[in-house]
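As structure tokens, the structure follows; a few thoughts come after it.
The values are calculated or read from the model by the stated rules, or taken from the named source; none is laboratory data. Treat the numbers as computed from the prediction; the structure is a model and nothing was measured. Cβ coordinates were reconstructed from backbone atoms using ideal geometry, including for glycine residues, and neighbour counts include every protein chain displayed. The area values use the complete protein model at the heavy-atom level, side chains included, leaving out ligands, DNA and RNA. Shrake-Rupley method; radii C 1.70, N 1.55, O 1.52, S 1.80 Å.
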Amino acid sequence: MIYVSVGGSANALLPLAVAESSHGTDAVPTVLLLLAFVVVGAKLAGELFERLGQPTVLGELLVGVALGNAALVAVVGVVTPMLLGFGVGELSRPNESWMLHAFLGAMLAATSVGITARVLKDADALRTDFARIILGAAIIDDVLGLLVLAVVSGIITAAGTGTALSLRAMLLILGKAFGFLVAALLVGSFLSPRLFRTAMALRTHGVVLSLSLGFCFLLSYLALKAGLAPIVGAFAAGLVLEEVHFEGHVKRGERPLHESLEPLIALLVPVFFVKMGMLVDVRSFTSLSVLGFAALLTVAAIVGKLACALPAPKGVSGLTIGLGMMPRGEVGLIFAGIGAQLVLGGRPVVDAGTYAAAVFMVVATTMATPPLLLWSMRRAGGSTRVRTLKS
């Protein structure tokens with residue numbers, strides 16, 4: 001396992017040398033090479049993020065995420081559920097278009113890490129190796145899932161108008177989605193700290209909340225104008241908005257952003273879930289085929305994320321990582337809701353039965369994660385080296 005210095009502490013690198021040297025002198029070249037990547041990569045990434053107005057530790061942390069097997073875990077956590085979701089669609093809906101099957105795969109690819117993060121926080125395990133991998137991989141999963149959603153939605157939208165998309169057109173959609181995310185992150189990282197520093201001249205309260213919401217709505221609008229789902233813009237805004245930008249406002253008496261958002265979250269989150277629930281036709285659950293489809297979709301969702309255990313680094317509980325990646329939560333519902341609005345052949349891509357099955361899958365994976373994750377962490381605590389990052 002590779003450790004990256006966080007907050008400038010060189011002690012975090014010591015476990016690397018100790019662990020690798022225990023394998024014999026043949027590991028010395030590997031140690032030197034890895035140290036070169038860690039030291040140079042962390043310094044360059046820190047410099048880049050500092051120039052963007054971000055804390056240097058964020059760049060160092062991202063290097064650690066990349067080198068700490070999160071990117072391998074994330075790719076498996078996207079590809080495997082997509083293949084399984086496509087397979088379940090082929091098996092349960094053989095007469096439907098392959099586009100529906102692809103959309104099912106995209107819906108299973110994303111991860112809602114909010115539930116997992118809450119469990120890890122309550123268990124005081126946010127700074128463990130497996131928590132770092134879960135959170136890093138979940139962010140990558142969401143980015144990849146949004147890119148897949150953009151491509152599949154673009155294909156379905158074009159097909160609904162009678163236009164056949166070529167490979168070049170598909171790559172163009174993918175490039176547009178990826179380019180939007182990259183541009184939003186780079187431009188937003190450059191502008192947001194300067195914007196909030198300028199806003200310090202305003203004496204009215206609630207500036208932080210207003211600017212943050214405005215920034216989120218603006219990126220959602222730009223994503224929509226670019227032919228992407230608004231969630232792509234909202235996700236990019238969430239990545240850009242950092243608490244460090246608001247320190248000046250907090251010092252003068254403004255509430256931190258997460259606290260300012262609590263009343264809004266308390267109001268809108270229940271409305272969102274009620275709206276998603278209203279789209280469910282309970283009569284669908286009287287059909288054995290829908291129930292069977294829901295069960296298969298849920299199994300595919302669980303197995304697809306448990307596959308993240310395979311590339312887990314040595315000494316870290318792969319089962320814990322897999323269970324932490326399992327919940328779909330609000331992300332799965334948003335994907336399903338988007339599918340219900342897409343029309344193919346005069347019918348919604350996600351019909352009543354498919355939507356009911358998707359809601360069943362979301363509820364099952366979300367409810368099962370907390371107890372299973374706690375059980376796995378307790379189990380791993382006795383048999384696995386659970387190391388904590390040094391700050």
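Take residue 178, project a point 7 Å from its Cα along the Cβ direction, then tell me which residues of region 100-144 have their backbone nitrogen under 12 Å from it.
Inside the label zone: 144.
Students often get this wrong, so check it: of 121/305; 225/251; 176/314, which have C-alpha atoms separated by over 27 Å?
225/251; 176/314
Taking amide H positions as placed in the peptide plane 1.01 Å from N, state which residues far from residue 344 in sequence (5 or more) or on other chains have amide H under 5 Å from it.
Amide H neighbours of residue 344: 349.
Please calculate how many Å² of accessible area region 75-190 carries per residue, with a 1.4 Å probe and no DNA, RNA or ligand atoms counted.
Spelled out: the 1.4 Å probe surface of region 75-190, per residue, equals 43 Å².
How high is the FRET efficiency between residue 200 and residue 117 when r is their beta carbon distance and R₀ equals 25 Å, given to the nearest 0.05?
With R0 = 25 Å, the Cβ-Cβ based efficiency is 0.25.
How large, in percent, is the carbon and sulfur part of the accessible surface of region 184-261 at a probe radius of 1.4 Å?
Percent of accessible area from carbon and sulfur atoms in region 184-261: 68.
About the Cα centre, and with charges only on the beta carbon of Lys, Arg (+1) and Asp, Glu (-1), how big is the dipole of region 182-274? Nearest 20 debye, please. Intermediate values should be presented prior to the final figure.
On the way: 7 positive and 6 negative charges, 65 e Å.
Computed charge dipole of region 182-274: roughly 320 debye.
On average, how much accessible surface per residue is there in region 241-391, in Å², for a 1.4 Å probe, leaving out ligands, DNA and RNA? Working shown, then result.
On the way: 7470 Å² over 151 residues.
Result: 49 Å² of accessible area for each residue.
Which of the peptides 184-190, 106-112, 140-146 is most tightly packed, and how do the rest follow, judged by the mean count of other Cβ atoms within 10 Å per residue?
Going from most to least packed, we get 106-112, 140-146, 184-190.
Cα gyration tensor of region 165-319, axes a ≥ b ≥ c as square roots of the eigenvalues: rounded (a/c below 1.5), prolate (a/b > b/c) or oblate? Show your work: numbers first, answer last.
Values: a/c = 1.79, a/b = 1.60, b/c = 1.12.
The shape class here is prolate.
With a 10 Å radius around each residue's Cβ, average the other Cβ atoms per peptide and rank 89-101, 280-292, highest first.
89-101, 280-292
Decide, for region 85-152, between rounded, prolate and oblate: order the square roots of the alpha carbon gyration tensor eigenvalues as a ≥ b ≥ c, take rounded if a/c falls under 1.5, and otherwise choose prolate if a/b is larger than b/c, else oblate. Numbers along the way, then the final one.
Values: a/c = 4.07, a/b = 2.59, b/c = 1.57.
Taking the square roots of the gyration eigenvalues as a ≥ b ≥ c, region 85-152 is prolate.
Could you run the Karplus curve 6.51 cos²θ - 1.76 cosθ + 1.60 with θ = phi - 60° over region 92-105 and give me ³J(HN,Hα) per residue in whole Hz, x for Gly and Pro?
8, 10, x, 8, 7, 5, 4, 5, 5, 4, 5, 5, 4, x
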